[in-house]
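What follows is a single structure, written as structure tokens, with notes after it.
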Amino acid sequence: MAGTMPFRPRLGHSFSRMLGVLLVPMLSAPPSIVLGEASDVEELEQRVANLASQLAAAQRSLEAARAGRIEDRVADDAVVSREMVAPGVVAETDQALDESAPESTVFKIGPVTIGGAMRVNYVLGSYKIPEINPGPNRGGRGGNIELDTFRINLALDYDNLIGRLEYRWYTAGSGKSYNFLHTGWLGYRFADDSEIQLGVNRVPFGPGPYGVSQSWFFDQHYYVGLSDDMDLGIKYSTTIDRWLLDVAYYPMSEGSYFGRSLNSTRYSYDAVRWRETVDADGNVSFGVENNGYDERHQFNVRAIYQFDDTAVPTDLGVSLQYGRLKGQRANNGSHWAASVHMVNRIDQFTLASQLTRYEYDIDSDNPWGTAALIPMGAYDFAWPVASKAWIPAISISYLKETPQIPWLDSVLPYLEYSSIVKDESSFNDSQLWVAGAAWASGGWYIYSDFAYSNGNYFVGNRAAGGGMDDYSRIDGVGDFGVNGNDKWNYRFNLNLGYYF
């Protein structure tokens with residue numbers, strides 16, 4: 001689900017080589033030519049003119065390279081350059097359709113490119129059966145094969161007009177399914193490669209579209225709405241020298257589409273409305289009156305500075321977010337988040353790190369009886385998340401291209417850690433380790449991940465004492481809120497995706 005971030009070459013070395021090509025012939029020439037005898041004046045003048053022409057061409061190449069150092073962005077995210085997508089890798093970006101799918105499988109009608117993907121999961125992990133309680137669709141049962149998703153993509157690129165559309169379908173078990181819009185925006189690309197996007201687009205927050213993560217699971221930022229978050233609004237992205245800058249305004253979230261939940265049939269996590277209440281003893285009642293929040297009037301600013309001329313090329317950035325919350329059977333509130341992040345590259349190694357503070361400021365006079373939890377939802381399911389916390393996250397990965405292997409383009413092994421460190425002392429922190437690799441071959445992109453977590457309900461459902469997640473209790477689930485189980489679970493996940 002995440003794109004790759006390999007090392008980007010430094011431009012200074014290329015320019016040095018160009019100068020060497022120009023200067024070596026001059027410096028190695030015989031003294032009589034260098035000093036110039038009268039009989040050779042015309043030949044010398046011609047040689048000088050040729051060298052001047054070559055130098056001018058080299059200078060133009062250098063200027064073009066400098067200008068292009070940060071122009072090759074993924075169209076829906078101003079931070080990730082096309083060099084950050086490995087050959088053959090079909091990253092989970094709206095640009096993947098254009099840049100990564102094999103050309104022979106891309107279907108075009110005029111300026112519109114049409115494509116899509118189908119992904120299937122094999123799941124083996126810490127799952128108790130039967131899963132009789134309400135909860136997310138996770139698979140398990142000693143090893144399951146299940147359809148992950150099917151999606152259709154459209155990409156528009158006509159002169160300066162650009163646009164992206166992506167729609168997805170998911171299975172929900174028991175023959176049920178749900179579907180939603182992932183991306184849908186129109187935009188304009190200016191002459192300086194700045195661009196503006198209007199519609200459902202990716203919120204600029206963090207070091208890239210998927211935070212620090214390369215894995216299928218993402219890191220814990222995603223599950224509190226702070227990475228790969230799609231909202232409805234307008235975003236402007238530009239570059240100034242070595243700065244990558246994004247400014248955005250989102251009057252509302254991307255909305256909910258077609259599924260069983262009240263307000264959570266969506267791709268990315270948002271504060272949502274649900275149909276649950278919690279009594280004073282922590283018992284959860286399902287299917288009662290609608291309550292919760294809608295996100296409104298969110299502002300985002302992100303700035304990243306690229307240190308390309310250092311021994312370790314580094315992108316250092318900061319992201320800021322502020323928005324309002326419109327309550328239903330709850331008072332209105334607000335939310336904010338601030339993050340510092342860094343991406344370091346050494347050859348084919350990438351080290352990405354991020355530290356984030358977020359707060360959802362709400363009133364405790366609500367149907368779940370506390371200001372320390374807020375209902376958040378995605379993938380057709382809502383459940384409370386800690387309203388105030390820190391999130392440290394780090395990952396290391398290594399891109400290995402494999403031209404010597406005819407059936408494999410590249411492999412990307414990675415190791416990731418992230419945690420939701422909650423303010424509420426009675427809550428258990430939610431930690432997540434992921435070790436795995438992503439394999440690319442033509443239109444195929446395969447994730448092989450081993451996740452180990454105590455506080456992510458997509459990674460197992462076993463509780464202490466041999467029990468299992470109990471969604472009838474607010475403290476009965478290994479989750480992003482109370483995490484009452486405080487039990488480590490594992491999940492091996494093999495995700496096979498074919499992109500066409």
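Which net charge results for the neighbourhood of ARG266, defined as the other residues with beta-carbon distances under 15 angstrom from its beta-carbon, given Lys and Arg at +1 and Asp and Glu at -1?
Net charge in that neighbourhood comes out at -4.
Over the stretch 332-483, with every protein chain in place, what whole percent of the accessible area is carbon and sulfur at 1.4 Å, could you tell me?
61
With θ set to phi - 60°, apply the Karplus curve 6.51 cos²θ - 1.76 cosθ + 1.60 along the stretch 112-127 and write out the HN-Hα couplings as whole Hz, x wherever there is a Gly or Pro.
Karplus-based 3J(HN,Hα) across the stretch 112-127 equals 9, 9, 10, x, x, 7, 9, 10, 10, 10, 10, 10, 9, x, 7, 10 Hz.
Taking the Cβ of PHE286 as the centre, find all other residues whose Cβ is under 10 Å away and add up their charges (Lys, Arg: +1; Asp, Glu: -1).
Neighbourhood net charge equals 0.
In 10 Å bins starting at 0, how do the alpha-carbon pair distances of the stretch 202-269 split up by percent?
20, 42, 31, 6, 1
What ranking of ARG462, ARG357 comes out by heavy-atom accessible area, probe 1.4 Å, highest first?
ARG462, ARG357
Relative contact order of the stretch 231-336: what whole-number percent is it, with Cα pairs under 8 angstrom and at least 6 residues apart?
Answer for the stretch 231-336 is 23 percent.
Report, in whole Å, the centroid distance computed from the Cα atoms of the stretch 279-299 and the stretch 166-240.
Here the answer is 25 Å between Cα centres.
Once you have a ≥ b ≥ c as the square roots of the Cα gyration tensor eigenvalues for the stretch 134-269, tell me rounded if a/c is under 1.5, and otherwise prolate or oblate according to whether a/b is larger than b/c.
In terms of gyration-tensor shape, prolate.
Go from 0 up to the bin containing the longest alpha carbon distance in the stretch 292-369, width 5 Å each, and give me the % of pairs per bin.
All Cα pairs, binned at 5 Å, distribute as 3, 14, 18, 14, 12, 10, 9, 7, 6, 4, 2, 0 percent.
Restricting to DSSP loop positions (anything but H, G, I, E, B) with no more than 14 other Cβ atoms inside 10 Å of their own Cβ, which GluC sites (Glu not before Pro) remain in the stretch 201-297?
GLU289
Hey, what's the stretch 246-401 come to in accessible area per residue, 1.4 Å probe, Å²?
Here the residues of the stretch 246-401 average 39 Å² of exposed surface.
Which far-off residues, 5 or more places away or on another chain, put their amide H under 5 Å from the one on ALA330, with H placed in the peptide plane?
Placed amide hydrogens put GLY292 under 5 Å from ALA330.
Apply the Karplus parameterisation 6.51 cos²θ - 1.76 cosθ + 1.60, with θ equal to phi minus 60°, to every residue of the stretch 231-248 and state each ³J(HN,Hα) to the nearest whole Hz, in sequence, with x for glycine and proline.
Those phi angles translate into 9, 9, x, 10, 9, 10, 10, 8, 10, 10, 6, 9, 8, 10, 10, 9, 10, 8 Hz.
Apply the a/c threshold of 1.5 to the C-alpha gyration tensor of the stretch 386-500 and tell me whether it is rounded, prolate or oblate.
prolate
Using amide H atoms built 1.01 Å from N in the peptide plane, name the residues 5+ places from GLU254, or on other chains, whose amide H lies under 5 Å from its own.
HN-HN under 5 Å from GLU254: LEU232.
Would you tell me the accessible area of VAL288, worked out with a 1.4 angstrom probe on the heavy atoms of the protein chains, in Å² to the nearest 10?
Accessible area of VAL288: about 60 Å².
Given an 8 Å cut-off on Cα distances and at least 6 residues of separation, report the relative contact order of the stretch 168-215 as a percent.
23
Please report the Cα spread of the stretch 260-336 along all three principal axes, rounded to whole Å, starting with the longest.
59, 27, 22
Under a plain spin-label model, where a point goes 7 Å from the Cα along Cα-to-Cβ, how far apart in nm are SER285 and GLU146?
That separation, rounded to one decimal, is 3.0 nm.
Which value, in Å² rounded to 10, gives the accessible area of ARG296 with a 1.4 Å probe and all protein chains present?
70
The values are calculated or read from the model by the stated rules, or taken from the named source; none is laboratory data. In this text the structure is predicted, and so the values were computed from the model without any measurement. No Cβ is skipped: glycine too gets one built from the backbone with ideal geometry, and neighbour counts run over all protein chains shown. Note: areas computed on protein heavy atoms with side chains; ligands, DNA, RNA excluded. Shrake-Rupley method; radii C 1.70, N 1.55, O 1.52, S 1.80 Å.
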